[in-house]
Amino acid sequence: MEGDDDLCWEERGTEAEEERQGGGGGVEEEARERAWEAFSSGFREVQGVLEENRLLISQVNDNHSSRLPENLTKNVALIRQINANISKVLSLYSRLSANFSTLFSSASSSSNTSEISSKKK
């Protein structure tokens, strides 16, 4: 599975980073694991909403093809739900982006602090 390959690369990168830093970074490792879990959870949630939209769009298409007045009326509510889901996906991606930016700036800051500490030794 592709996701498993990504995780393996992530784990390998983490192990290599720990070796370069001279040992285990327990706190950093836990933070990375929590961040990875949060991103995975967020992306699964996005995927679920997109899958719901796929089903709703299929239903809209079926209703439209039937040309029955009651089915065309149902499409109004279905299209509103699709629009609401699109807004939800936008919000989820925005949150993921903000979390990633925060994590990246924290990691960068932490990395700079580690470099300065090792230079002082």
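The values are calculated or read from the model by the stated rules, or taken from the named source; none is laboratory data. It should be emphasised that the depicted structure is a prediction, and the values quoted were computed from it without experimental measurement. Every residue, glycine as well, gets a Cβ built from its backbone with ideal geometry; the counts of neighbours run over all protein chains shown. Remember, those area values only see protein heavy atoms, side chains included, never the ligands or the DNA or RNA. Shrake-Rupley method; radii C 1.70, N 1.55, O 1.52, S 1.80 Å.
Annotations for the structure displayed:
- Unmet requirement for V60, which otherwise passes all of (1) open to solvent by 50 Å² or more (accessible area, probe 1.4 Å); (2) free of Cβ contacts under 8 Å to residues at least 24 places away in the same chain: (1)
- Odd one out for A77, checked against (1) surrounded by fewer than 13 Cβ atoms within 10 Å (Cβ to Cβ); (2) at pLDDT below 95: (2)
- Among (1) modelled with pLDDT of 95 or more; (2) of a type outside the set (A, V, I, L, M); (3) open to solvent by 60 Å² or more (accessible area, probe 1.4 Å) - the single one N53 does not satisfy: (3)
- Selection count, region 29-45, where residues are surrounded by 15 or more Cβ atoms within 10 Å (Cβ to Cβ) and under 15 Å from S97 (Cα atoms): 5
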